[in-house]
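The values are calculated or read from the model by the stated rules, or taken from the named source; none is laboratory data. On a predicted model such as this, the values are computed, not experimentally measured, just so you know. Here the Cβ positions follow ideal geometry from the backbone for every residue, glycine too, while neighbour counts run over all protein chains shown.
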C-alpha cells in the first residue's frame with residue numbers, strides 16, 4: 001500500500017537481539033529520557049498567582065460602555081436580548097427626562113439591565129447585535145466565581161463601565177489582533193496586563 | 001555504665017524509627033513531586049511552601065475518612081492485615097548499620113538497632129513475613145479481586161525471594177560473614193561491593209523492586225485487572241497503613257541495597273576526613289562527628305535509592321504476569337546461580353593468584 005507518511009513502520013517478527021532481550025539498555029534509554037524531562041522547564045501556570053494572557057478577542061466579563069463624556073450608550077432597544085441564544089439578558093426601558101442628558105446618550109435608556117450569569121454562555125452575540133456599541137465582553141477580566149444565589153444576576157451596578165477604569169482595547173478585529181500579536185512578539189508591546197478580579 | 005549504653009542505644013533506635021517514618025511520610029510527597037517533574041508538571045505545591053505540608057494534609061484526610069469494614073469480611077484478620085504490613089516493614093530496619101560507632105563516656109555504641117551476627121538472615125526473614133500483611137488483608141476482604149491481588153503478591157514475593165537470596169550468597173562468599181555490620185565495615189572507603197558484584201547488584205535490585213511491589217512489578221494492585229488489588233476493600237487509615245508500609249519498604253530496601261552494595265556509611269576519602277575531624281575537635285568529638293557524617297552519607301545513599309525507585313516507576317510500564325514469572329524463574333535465578341559460580345571461582349582461584357602476583 002502507498003505510504004501516506006514516512007512515520008509508519010513495517011511490522012516485523014524478527015528475533016530480538018541479545019541487547020533487546022536483556023531489556024536493560026532499553027530501560028537505561030527510557031530513564032535517560034525521563035530524567036531529561038525532570039530538569040526541563042515546567043509547563044504549569046500557577047493559576048491564581050499567574051494568569052495567562054488570553055488574547056485580545058477573549059470574551060469575558062460583560063461591560064455596558066459609556067461614551068467619551070461618560071454617558072451610557074445603551075438605548076434599550078433589546079436587540080441583544082433577542083440575539084442572546086441563552087436568553088440571559090433582560091431589560092426595562094425608560095424615557096430620558098430633561099436634565100438627564102449628561103447621563104444617557106440616547107432619548108431612551110435601560111433603567112434595568114440584567115444579565116443572568118448562570119445562563120450566559122459568553123458567545124458574544126450581544127456584542128455583535130448591539131447597534132450602539134454599548135455591550136462588550138471584556139478580554140481582560142473574568143466573571144468571578146459566585147457562591148450565593150443573589151450574586152448570579154448582575155444588574156447595572158456591576159455592568160456599567162467605571163469611568164476611572166475604562167475598558168479599552170487596541171485590537172478589535174482578528175486582523176488587528178494578529179498585528180498586535182506580531183508587535184508583541186517583536187517586543188514593541190511589553191505591557192500585557194494581568195487580569196484582576198474585582 | 002550499662003545504663004548510659006542503654007540510653008544511647010534507646011535514643012539511636014528512636015531516632016532511626018522516627019526518621020524512617022518521616023522519610024516514608026515525605027516519600028509520598030516526593031513520589032508525587034517526582035512524578036510531576038518527570039511529566040513536566042510541578043506536583044503538589046499548594047499546602048505550605050512548595051507543598052511541604054501535603055503529607056500532613058493527606059494524613060488528615062485519611063484519618064477523617066470512614067473506616068469501613070465490609071459485612072462479610074473476617075473482621076480480625078481485616079484489621080490484622082495492615083498492622084502486619086506496618087510491623088514487618090518497620091522491623092527490618094533493626095539490624096541495618098546506619099553509621100559506625102558513637103563514643104560517650106568511655107563506651108562505644110554502634111549506630112545500629114541490634115548488632116546481630118545473622119543480620120542478613122533476619123532481614124530476609126522479616127521481609128518474607130511482609131507478604132503475610134498483604135495475604136491476610138486480601139483474604140480477609142472476602143473479595144475476589146482482593147484475593148487475586150494477594151495471591152499474585154504472595155507468589156511474586158516468594159519467587160523473587162529465591163533470586164534475591166541467591167544474589168546475596170555471592171556477597172556472603174566474599175565477606176565471609178552474615179552480619180550486616182561487618183559486611184559494611186569491610187567496604188571501607190570506596191571499596192564497595194558494587195565493583196565486585198555488578199551482576200549480583202542488578203539481580204538484587206530487580207528483586208527488591210518485586211519485593212516492594214513497585215512498578216514495573218506492581219501487579220498485585222494492577223488496576224486494569226484487579227480494581228485496587230489486595231487493598232480494594234480498605235479505606236481510611238487502614239489503607240493509609242498499606243500505602244505507608246510500601247514506602248517504608250522502599251526506604252528499607254534502598255537502605256539494604258546501599259549497605260550491601262554501596263558501602264553503607266563508607267565513602268571515598270573517609271579516613272582523611274576522620275583524621276581532619278579528630279585533629280580539629282579532639283578524639284571523641286571528632287570521632288562522633290565523623291560517624292554522624294557517615295550516617296548522613298548513608299541516608300543520602302538510601303534517599304537516592306528511594307528516588308531511583310520513583311524514577312523507575314514513572315519510566316517503565318508494568319510487566320505482564322507471565323513475563324514477571326519468566327523473568328524471575330528463568331532469568332534471574334539461573335543468573336544468580338551463575339553469579340555464585342563466578343564469585344566462587346574468583347574467591348578460590350583468581351583472588352589468591354592475583355594477590356600472589358601483586359606481591
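Listed values, structure above:
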| read-out | value |
| --- | --- |
| Of all residues in segment A:122-150 being part of a helix (DSSP H, G or I), in contact (Cβ under 8 Å) with a residue 12 or more places away in the chain and out of contact with any strand residue (DSSP E or B) (no Cβ under 9 Å at 6 or more places or on another chain), the one that is surrounded by the most Cβ atoms within 10 Å (Cβ to Cβ) | A:125 |
| Any hit, segment B:143-157, residues being out of contact with any strand residue (DSSP E or B) (no Cβ under 7 Å at 6 or more places or on another chain) and assigned to a loop (DSSP other than H, G, I, E, B) | yes |
| Subset tally (residues that are within 14 Å of chain A (Cβ to nearest Cβ), in contact with a helix residue (DSSP H, G or I) (Cβ under 9 Å, 6 or more places away or on another chain) and part of a helix (DSSP H, G or I)) for segment B:45-60 | 2 |
| Tally of residues being in contact with a helix residue (DSSP H, G or I) (Cβ under 7 Å, 6 or more places away or on another chain) and touching a residue at least 24 places away in the same chain (Cβ under 8 Å) across segment B:178-195 | 11 |
| Subset of segment B:107-121 that is assigned to a loop (DSSP other than H, G, I, E, B) and in contact (Cβ under 8 Å) with a residue 60 or more places away in the chain - its residue that is farthest from the chain's Cα centre (by Cα) | B:117 |
| Unmet requirement for residue B:100, which otherwise passes all of (1) modelled with pLDDT of 85 or more; (2) within 30 Å of residue B:181 (Cα to Cα); (3) crowded, with 18+ Cβ neighbours inside 10 Å | (1) |
| Odd one out for residue B:74, checked against (1) more than 14 Å from chain A (Cβ to nearest Cβ); (2) surrounded by fewer than 17 Cβ atoms within 10 Å (Cβ to Cβ); (3) more than 20 Å from the chain's Cα centre (by Cα); (4) over 30 Å from residue B:233 (Cβ atoms) | (4) |
| Members of segment A:3-44 found to be closer than 27 Å to residue B:203 by Cα, within 14 Å of another protein chain (Cβ to nearest Cβ) and part of a loop (DSSP other than H, G, I, E, B), listed by number | A:16, A:23 |
| Selection count, segment B:166-176, where residues are surrounded by fewer than 18 Cβ atoms within 10 Å (Cβ to Cβ) and without any contact (Cβ under 8 Å) to a residue 60 or more places away in the chain | 2 |
| Helices (runs of 4 or more DSSP H) wholly inside segment B:277-359 containing at least 3 residues that are within 25 Å of the chain's Cα centre (by Cα) and touching a residue at least 40 places away in the same chain (Cβ under 8 Å) | B:283-313, B:321-325, B:333-345 |
| Segment B:52-68 residues that are closer than 22 Å to residue B:78 by Cβ, paired with ones that are outside any helix (DSSP H, G or I) (beta carbon under 6 Å, 6 or more apart) | B:65/B:235; B:68/B:235 |
| Identity of the residue in segment B:33-44, in contact with a helix residue (DSSP H, G or I) (Cβ under 9 Å, 6 or more places away or on another chain), surrounded by 19 or more Cβ atoms within 10 Å (Cβ to Cβ) and in a helix (DSSP H, G or I), that ends up farthest from the other protein chains (Cβ to nearest Cβ) | B:33 |
| Test: residue in segment B:259-271 that is closer than 25 Å to residue B:87 by Cα and either part of a helix (DSSP H, G or I) or within 14 Å of chain A (Cβ to nearest Cβ) (or both) | yes |
| Residue within segment A:46-59 that is within 14 Å of another protein chain (Cβ to nearest Cβ) and surrounded by 11 or more Cβ atoms within 10 Å (Cβ to Cβ) present | yes |
| Qualifying residues in segment B:190-203 (those that are more than 14 Å from chain A (Cβ to nearest Cβ) and more than 18 Å from residue B:269 (Cα to Cα)) - the one farthest from the chain's Cα centre (by Cα) | B:196 |
| Residues that are surrounded by fewer than 16 Cβ atoms within 10 Å (Cβ to Cβ) and within 14 Å of chain A (Cβ to nearest Cβ), drawn from segment B:308-337 | B:317, B:320, B:323, B:326, B:330, B:334 |
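Yes or no, residue by residue, for (1) touching a strand residue (DSSP E or B) at 6+ places or on another chain (Cβ under 8 Å); (2) under 12 Å from residue B:24 (Cα atoms); (3) surrounded by fewer than 24 Cβ atoms within 10 Å (Cβ to Cβ):
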{"position": "B:245", "(1), (2), (3)": "no, yes, no"}
{"position": "B:251", "(1), (2), (3)": "no, yes, no"}
{"position": "B:256", "(1), (2), (3)": "no, no, no"}
{"position": "B:259", "(1), (2), (3)": "no, no, no"}
{"position": "B:264", "(1), (2), (3)": "no, no, no"}
{"position": "B:276", "(1), (2), (3)": "no, no, yes"}
{"position": "B:280", "(1), (2), (3)": "no, no, yes"}
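The rows are residues; the columns are (1) in contact with a strand residue (DSSP E or B) (Cβ under 6 Å, 6 or more places away or on another chain); (2) more than 19 Å from residue A:139 (Cα to Cα); (3) not in a helix (DSSP H, G or I).
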residue	(1), (2), (3)
A:51	no, no, yes
A:57	no, no, yes
A:76	yes, yes, yes
A:102	no, yes, yes
A:114	yes, yes, yes
